[in-house]
1. Give the residues of segment 18-47 that are modelled with pLDDT of 80 or more and β-branched (V, I, T), sorted by residue number.
2. Starting from segment 63-78, keep only residues that are farther than 28 Å from D40 by Cα, then list their pairs with residues that are of a type outside the set (A, V, I, L, M, F, W, C) and modelled with pLDDT of 80 or more whose Cβ atoms are within a distance under 6 Å, requiring at least 6 positions of separation or different chains.
Amino acid sequence: MRKYLIVILVAGVLLTAAAVLFFMQTSGAPVLTVDQQKIDYGDVKFGVPESFAIKITNSGSSILRFKEAPYIQVLEGC
């Protein structure tokens with residue numbers, strides 16, 4: 001009887017350890033993916049409005065949360 005109790009206890013510990021390792025491997029990080037890294041209009045006359053659309057997705061395996069408001073930085077001459 002005592003032998004079975006030890007076997008059940010060891011099996012329970014092993015199953016718990018396997019479950020913890022499994023969940024540690026499957027919990028990934030969020031990954032922000034942008035469909036375009038660069039938008040080039042070429043030469044644009046002053047005062048002529050231009051517009052564009054970009055698609056931003058979370059391609060990671062975890063929820064993406066922002067600590068601050070996201071922003072887009074516009075660089076001239078790039």
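1. V31, T33, V34, V44
2. Final answer for the pair search is L64/P30; L64/N58.
The values are calculated or read from the model by the stated rules, or taken from the named source; none is laboratory data. From a predicted model like this one, the values you see are computed outputs, not experimental measurements. We place every Cβ from the backbone using ideal geometry, glycine too, and count neighbours over all the protein chains shown.
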